[in-house]
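Visitor: Handing you a structure now.
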């Protein structure tokens, strides 16, 4: 099984992700723009049991634009977010793409909050699924992990 390692900038916090991600997406919501310091953020998601986080982390939780709580794990020394979970995605851990510096990662299949995408940004590729602010209320992890309500 393939392993990818994500690390914070100072290297003391890491996430080892086993296998292929169950979802790769970019998000254009305003909070993700602020968190990433960019026009959007990119992340990959794995089932919780395929992610092992090691090192010392701090936790911060906020309410997302969707109304769901997001809990971030970040390095207390350098401030890098290494993993996060979203209330409406039970059983799934997201890891920011930038933490996999230099790693060959799959292209995103989803562009979330696409209605908030900057006009100069283009998420290219065949079959990109685009959702808007209204669609963010769904419980997509149930589909991804092939579970039912």
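The values are calculated or read from the model by the stated rules, or taken from the named source; none is laboratory data. Not measured: the values here are computed from a predicted model. Methodologically, a virtual Cβ is constructed for each residue, glycine included, from the backbone with ideal geometry; neighbour enumeration extends over all protein chains shown.
Visitor: From 53, 24, grab the single residue that is under 17 Å from residue 107 (Cβ atoms), in contact with a strand residue (DSSP E or B) (Cβ under 7 Å, 6 or more places away or on another chain) and surrounded by fewer than 19 Cβ atoms within 10 Å (Cβ to Cβ). So that I can check it myself, show each step before the final result.
Guide: On the way: 53 fails: under 17 Å from residue 107 (Cβ atoms).
Only one candidate qualifies: 24.
Visitor: Can you find, within segment 89-104, the residue that is modelled with the lowest pLDDT among those that are more than 13 Å from the chain's Cα centre (by Cα) and either over 25 Å from residue 125 (Cβ atoms) or surrounded by 13 or more Cβ atoms within 10 Å (Cβ to Cβ) (or both)? Walk me through how you get there before you give the answer.
Guide: Filtering segment 89-104 down to residues more than 13 Å from the chain's Cα centre (by Cα) leaves 90-91, 101-104.
Still in the list and also either over 25 Å from residue 125 (Cβ atoms) or surrounded by 13 or more Cβ atoms within 10 Å (Cβ to Cβ) (or both): 90-91.
Numbers: 90: 91, 91: 95.
Here the residue is 90.
Visitor: Ok, one more. Which of the residues belonging to segment 29-50 are buried (at least 22 other Cβ atoms within 10 Å of the Cβ) and at pLDDT below 90?
Guide: Listed by number, the residues that qualify are 32, 40, 41.
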